Every structure is written in C-alpha cells, then in structure tokens.
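Reading through the structure tokens given below for one structure.
The values are calculated or read from the model by the stated rules, or taken from the named source; none is laboratory data. On a predicted model such as this, the values are computed, not experimentally measured, just so you know. Note that each Cβ is placed from the backbone with ideal geometry, even for glycine, and that neighbours are counted across all protein chains shown. Ligands, DNA and RNA are stripped out before the accessible areas are found, and what is left, the full protein with its side chains, is counted by its heavy atoms. Shrake-Rupley method; radii C 1.70, N 1.55, O 1.52, S 1.80 Å.
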There are 2 protein chains.
Amino acid sequence: MSQLSETSGVPIASIKYYLREGLLQPGERSSANQSDYGDEHVKRLRLIRALIDVGGLSIATARSVLAVIDDPETPLGHVLGAAQHAVSNASTFEPVTEATNGTRLVDAFIESAGWIVASDNPGRMGAARVIDSYERIGQPELAIIPEGYARASELIARVDLDWVANSQGMSSKAETVIVGTVLGDALLASLRRMAQENRSCEIFPNSPHKAVTEHTEKARS
Amino acid sequence: MSQLSETSGVPIASIKYYLREGLLQPGERSSANQSDYGDEHVKRLRLIRALIDVGGLSIATARSVLAVIDDPETPLGHVLGAAQHAVSNASTFEPVTEATNGTRLVDAFIESAGWIVASDNPGRMGAARVIDSYERIGQPELAIIPEGYARASELIARVDLDWVANSQGMSSKAETVIVGTVLGDALLASLRRMAQENRSCEIFPNSPHKAVTEHTEKARS
C-alpha cells in the first residue's frame, strides 16, 4: 500500500478511507499483511481525486458517480442522464415537491425556449430553487433566467453532446461522459470568473489590474 | 429565538450554529434568557440558507462571503473581485504554485482569446487544475478549452457585468453582486443540465423521455 501511495501521490490514510467507503476495490492479498495493487488501482485513485478535489464532489456523490462508470449495462444513451442524476444529488438539485413561483417560471422558460426537458431533470429543480431563493431573500429583480444565460447553455450543451456522440466507440465512454460532466462544471465556473474579469476591464477601464500577460512579461525580463 | 425560527423557517439548532460560527449577529438581550430579533435577522437567515443550501457553499466560505457583504468600505469596482475570491476558496481554485501543462494551456488560451485576466484570478487556477486532471486520469483528449465554452463564458460575463453596472446606485449592491455570483453558478449548472437533455433529444430523437410539456398536459387533463 505504501508503494501505491507513492505511485499515485495519494496519502495512505486517504487510500484506507476510500477502501472503507467502497470507492476503491481491495487489492489481491499476497500475504497476511500485504496486498498487491495494480495499474488499475493507480488509475482509479487518480479518478477519485479528480472527482473530489477538482470536481468538488462529496464522498457520497463520488460513490454514485463511480457506480455508473462501473456498471457495464448502462447504455450510452442513458449514461448522460445517469451522470446528471448522480452528480446532482447536492441540495441545490433536490426535488421541489410542489409548484412554486420558481417551477412556474422555469416551465414557462422551457416552453418559450422550445426545449425538451423531462419533469425530473435535476436542472429543472435546481433552477426553480435558485429563482425561489432570489425572491425569498428580497432580490426579486434577479429572479429571471437571462436570455444570455439560455443562449450560453445551448452553446455549452452543443459541445457536451458532441463529446458524447464522439465517444460512441470508446471503451471507457461512460467514464469520459461523467468526467466531462463533473470537471466540465468546474471548468465552466473557472471560465466564468476569467470572463467576468475581462468584461470588467472593458466596462471599467480605469480599475487597477495585473494581467497575466504583464505578469508573464515581468517573469521573462 | 423560537419566534425567529418560526418566521424564518430555519430550525433553532441551525440558528444557534450560525450564531456560534459568527454568520449571524446576536439579538438584543431583553432578559436573562431572552433576546430580541428583528427583521434584519430574518433577512440574514434567509441569505445564509440561500448561500449554503442552494449555492452549495460551506460554512467557512459563507462566512468569507458575508464578510465582503458586511464591509461598507469595499468599493463596487472591487466587490466582484472580492466576491470571486470569497466564493472560490474550494479546493478547485487553490493556487497552482508551479507552471504545469494546465497553466501553460490556460495562459495560451487567455492570450489567443485576447482576454485581460490577472495572474491570481481564481478561475485561472481552477481551469489549470481541470486540464491537469484530465491528463492525470488518462483523458488527454478532454484537456482543451472548447471554443464553444469560451464563447458561452463571454455571453455569461456580459449578463453578469450588466448586473454589476446596474446595481451602481443600489443600497445593497455588494449583496446583489455576491448573491448573483454564488446563485448564478447554481443557475448555470442547472441550465446546462436542461440544455444537455434538450440537445440529446435533438441528436438521439428515438430516446425515450417524458418532457415537461407532456407532463403538464397530463396534469391538466
């Protein structure tokens, strides 16, 4: 196990925790106090760390995501839906049990955008909860779905589904789709932060900022 | 306190926890075992719940976000940056201390997109960590920043900065900007899930799905 820790860069305590929580399969026992671990253990550990550290998933969410990856029976057409549900069990996406202003506004948005969305899509719940929250905290002017957000989401989904379609023949297609969903959320949140700063410089050109390019120039000189 | 719990819908145990953690200011003590709470306590509790339950923030992150809202000295031009740093202290956005393939790829992307981004922008770190993760888990074909993601982020930032500019004269401008940043991440992740399902129906038209509109029709009949 100490060798597995060294190769993967994951501390022994964490490896033991993942074994206990069922995220990592035990190695083959070779003697009373030693087990053999292979390349697939190293690969699995790196995947677990990517989902938790970079994707921000909880242990419980990572477990349900890995279950979808491990199930060879999941047809590709269902992988995306399964991935969506597995990565969406945070409180943000909890089912809204009764019709609220939020669900009504989201359903009206779906209809006007002409989108086809199942009633149990976790995003429908999430968006409704955000809208309801804006009203509850006294910011009703934010309780809308901006046109720019809708068009941006269509662009993003186009990229995402191209990935799904292109991964048809791949052996680890479920893993690719799921990793793209989880880490894609993190990548998009990151791009949003960079684009906000860039747009801020366009609108408020006199704000002080130290751009990456200047920083790079300095490092070079 | 039981009345505050009833009005706000937040359990007493949670209220005590927020008081202990410094998220909520204590009420005015009116007798040995009673305190007076006002409207601002109810409003604050709803804000805390929105940040944690819907925005998905940890207690520690919620605390730093609220500190930015509470500081009357933060100039509006810095609120967005302060909000970005406060909501980005999850492991996803941890500083990358040395140049990696990820930082090089992200910096090349920033330069080719012509964006102005500070070297300590949390999104720059987050994107680099995602790219490095894709390579580490053996999915180097995902280690790119798709053109569609970049264009989508620009659309999103345009909406976000319009909000910031429009909130210039508002009394609770810092709160508006921060709530829009935190809940905006949740709204965008939700819209992505709906748009993915819609796009999936366009690409795989024979997949079974129960659309909201059908669901609505059934509920009506």
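The table that follows gives values for the structure above.
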| item | result |
| --- | --- |
| Accessible surface buried upon A-B contact (total; probe 1.4 Å; Å², nearest 100) | 9000 Å² |
| Entries in B:Lys43/B:Lys173; A:Lys16/A:Lys173; B:Lys16/B:Lys173 that, when Cα-Cα distance is taken, lie over 26 Å | A:Lys16/A:Lys173; B:Lys16/B:Lys173 |
| Shortest-first distances to equivalent copies, position B:Glu111, nm, label 7 Å out along Cβ | 5.2 |
| Per the axis that maps chain A onto chain B, nearest residue of A (Cβ criterion) and its distance in Å | A:Ala152, 2 |
| Förster-model FRET efficiency, 30 Å R0, A:Ser112 and B:Gln3, C-beta, rounded to 0.05 | 0.10 |
| Accessible area in square angstrom per residue, the range B:90-144, 1.4 angstrom probe | 42 Å² |
| Label geometry 7 Å along the beta-carbon vector: A:Pro140 inter-copy distances in nm | 5.6 |
| Label 7 Å beyond Cα on the Cβ vector: B:Gln25 copy-to-copy distances, nm | 5.8 |
